[in-house]
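Asker: Following this message is one structure expressed as structure tokens.
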Amino acid sequence: MEYKFQFGVVRDNWQFLLEGIWITISVTGGALVVGLFVGLFLGMMRLSKFKTISQPALWYIELFRNTPALVQLMWVYYALPILTGLELNAVMSCTLALALNMSAYMAEIFRGGIQSIEKGQVEAARSLGLSFAQTMRKVVLPQAVRRMIPPFVNETVSLVKYSSLVSILGVADLTYQANVLSTTTFRPLEVFSFIALVYLVICTSLSYSAQRIEKRLSVSD
Amino acid sequence: MTAMVKIEKLNKSFGDLHVLRDIDIEVAPGEVVVMIGVSGSGKTTLLRCINVLEEPQSGRIFVDGEPMGIHRPDGEFRAFPDRVLNERRAQIGMVFQRFNLFPHMTAIQNVMLAPTMVKNLPDAEARGIGEKLLAKVGLRDKFDAYPNKLSGGQQQRVAIARSLAINPKLMLFDEATSALDPELIGEVLDTMKQLALEGMTMVVVTHEMGFAREVGDRVLFLHEGRVLEEGKPEQIFDNPQHERTQDFLRHVL
């Protein structure tokens, strides 16, 4: 092959790329935190014995799991302001859209984790006089969280990758910055190879740290 | 003297299945009442109604004179809101067939949970209670063992210690030895017997007829949701009146 790699283009523009990494991390992190709380709430709704509470949560989850993330991003960015008059900048609306998407998956993880705990555990706690909240906090969640960690990390890794979609809406994340850099320097091979590596490092270190946490928590299993 | 347990006209259905039919029972303080019968006869459901883990459709339940729910004039039973129910339940210990120990906690942590969370005792005091109770059930050297490191018999003894930690007036045993290997049943029965000798009021669902005869003050034979026959153990075991009781005893003895 004739091609001569010139990774100098990455070195000379590292600050520009670093800004992109920062945006990627903050969009992902923001979506993750919001998605976690909304997801916990939705997951609890799903577990309700009242259909009027569990059904809407199910509709929400189905809606966000069965439409493309890119369509959701565009809908929140372009359509939501028409509907609500809410003016959000690109970063905000992308974070919001990813959070809404994430919460649907989180809800199912919470629901599955909590449901996987044997009914006898709750009965034992309640028969001792523990309240529902105490039973959740001390008995159910500590066991459920352990089971939730692997699917939770899978979703977080997906989220990091999905976050590259925000570049389409002009959010200057890592993918967007790389695109700009490749068209101005005519070095797509180096630039895109480099950012692929960055995504790879972020995602594999997430999986790896999750494995370690899981191992540490599993003393009693 | 107030009955420790008093149940009147209790009815419970699961869908179309009528599990308990107009049950009336009374348990005196200090008494050990053993419920026997084939599976499906309603004995476990009846036991679980006492602390309202199972909510009956109608009837009245009193523990130590206090109602366990709202007894409506038309007979309907409504469980109390959680706040009241939690207080009532904290006076009743329950031991389950499958132990239901909390697997993420050590033996001592299992026993300490209710004293710290329900009785709001400081850790040191709860630990004292836990150590005393685990020693009492013969597990002095297992304080810090996780349940998965204990045999079935040891786990069930931890579970007994755990329910004693709330200092209950009444203990409910739901087939406490049915999930155990034969060689481990004895140690759990011995612990239960010791409790009975100390004067604990106990309602015991069991298939251990030897235990029922030796430790029980009174035996109830349940059949299709009714108390078909009741009496002193010798009376039930040596001279059962009802054909169903005779049938059942012929099969299990």
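Asker: Most mobile of A:ASN179, A:ASN154, A:ASN89 per a Gaussian network model of chain A (Cα springs, under 10 Å)?
Answerer: Top of the fluctuation ranking is A:ASN89.
Asker: Over 10 Å intervals from 0, what percent of Cα-Cα pairs in chain A sits in each interval?
Answerer: Values per bin, smallest distances first: 8, 26, 29, 20, 11, 4, 1, 0.
Asker: Does the stretch B:1-77 classify as rounded, prolate or oblate by the C-alpha gyration tensor (a ≥ b ≥ c root eigenvalues; a/c under 1.5 gives rounded; else a/b over b/c gives prolate, otherwise oblate)?
Answerer: Details: a/c = 2.16, a/b = 1.14, b/c = 1.90.
Oblate, because a/c is 1.5 or more while a/b does not exceed b/c.
Asker: Between the stretch A:17-34 and the stretch B:1-71, what is the separation of their alpha carbon centroids in Å?
Answerer: So the two Cα centres are separated by 58 Å.
Asker: I need the shape label for chain B. Rule: rounded when a/c is under 1.5, else prolate if a/b > b/c, else oblate, with a, b, c from the alpha carbon gyration tensor.
Answerer: oblate
Asker: Mind checking the angle between helix A:90-115 and chain A's longest principal axis? C-alpha axes, 0 to 90 degrees, to the nearest 10.
Answerer: With both axes taken from Cα atoms, the answer is about 30 degrees.
Asker: With every atom except the alpha carbons ignored, what do you get for Rg and Dmax of the protein assembly as shown, in angstroms?
Answerer: Just the Cα atoms of the protein assembly as shown yield Rg and Dmax of 30.3, 102 Å.
Asker: What's the exposure ranking of B:GLU76, B:GLU243, going from fewest to most Cβ atoms within 10 Å?
Answerer: Final ranking by Cβ density, sparse to dense: B:GLU243, B:GLU76.
Asker: Something else: At A:ASN66 and B:ASP74, where each label point lies 7 Å from the Cα along Cα→Cβ, what is the point-to-point distance in nanometres?
Answerer: Going by the 7 Å Cα→Cβ label model, 4.1 nm.
Asker: Based on C-alpha coordinates, I'd like the Rg and Dmax of the stretch B:1-150, in Å.
Answerer: Rg, Dmax (Cα atoms, Å): 17.9, 54.
Asker: Okay, next question. Antiparallel versus total DSSP beta bridges in the protein assembly as shown: what percent is that, nearest 5? Let's see the in-between values first.
Answerer: Values: 23 of 40 bridges.
About 60 percent, rounded to the nearest 5.
Asker: Provide the FRET efficiency to the nearest 0.05 for the A:ARG147-B:ASP217 pair, computing r from the beta carbons and using R0 = 51 Å.
Answerer: The pair A:ARG147/B:ASP217 has a calculated efficiency of 0.70.
Asker: Could you give me the ³J(HN,Hα) list for the stretch A:32-44, computed from phi with Karplus coefficients 6.51, -1.76, 1.60 and θ = phi - 60°, whole Hz, x at Gly and Pro?
Answerer: Using θ = phi - 60°, the values come out as 5, 5, 5, x, 5, 5, 4, x, 4, 4, 5, x, 5 Hz.
Asker: Fewest first, what order do A:LEU197, A:LEU100 take by the number of other Cβ atoms within 10 Å?
Answerer: By the 10 Å Cβ count, ascending, the order reads A:LEU197, A:LEU100.
Asker: In a Gaussian network model over chain A where Cα atoms closer than 10 Å are linked, find which of A:ALA57, A:ALA125, A:ALA31 has the largest mean-square fluctuation.
Answerer: Evaluated over chain A, the most mobile residue of the options is A:ALA125.
Asker: Counting C-alpha atoms alone, how compact is the stretch B:176-253: give Rg to one decimal and Dmax as a whole number, in angstrom.
Answerer: 13.0, 35
Asker: Could you give the DSSP H helices of chain B that reach 20 angstrom or more along their long axis (alpha carbon positions) and whose average Kyte-Doolittle hydropathy is no lower than -1.0? Provide the component values of the computation, followed by the final result.
Answerer: Numbers: long enough: B:182-197 (23 Å, 0.44).
The answer, listed by residue number, is B:182-197.
Asker: Let me ask you something else. If exposed means no more than 12 neighbouring beta carbons inside 10 Å and the site is in a DSSP loop, what's the longest run of chain A without any exposed GluC sites (Glu not before Pro)?
Answerer: A:88-221
Asker: If neighbour count is taken as other Cβ atoms inside 10 Å, put B:ARG213, B:ARG89, B:ARG78 in order from fewest to most. All intermediate terms of the calculation are to be shown ahead of the outcome.
Answerer: On the way: B:ARG213 17, B:ARG89 25, B:ARG78 13.
Neighbour counts put them in this order, fewest first: B:ARG78, B:ARG213, B:ARG89.
Asker: So what's the Cα pair-distance distribution over the stretch A:78-142, bin width 10 Å, in %?
Answerer: Calculated P(r), rounded to whole percents: 18, 29, 19, 18, 15, 1.
Asker: Rounded, prolate or oblate: which fits the stretch A:39-117, taking a ≥ b ≥ c as square roots of the Cα gyration tensor eigenvalues, rounded meaning a/c under 1.5, else prolate when a/b beats b/c?
Answerer: On the way: a/c = 2.63, a/b = 2.08, b/c = 1.27.
Prolate.
Asker: Whose amide H sits under 5 Å from the amide H of B:SER58, counting only residues 5 or more places off or on another chain, with H placed in the peptide plane?
Answerer: B:ASN11, B:PHE77
Asker: For A:LYS161, give me every one of the aspartates and glutamates with a C-alpha distance below 16 angstrom, ignoring sequence neighbours fewer than eight places off in its own chain.
Answerer: A:ASP173
Computed from the coordinates by the stated procedures, all read-outs in this text should not be read as laboratory data. Since we're looking at a predicted model, the values are computed, not measured. A quick note on method: Cβ atoms are made from the backbone with ideal geometry, for glycine too, and the neighbour counts reach across all protein chains shown.
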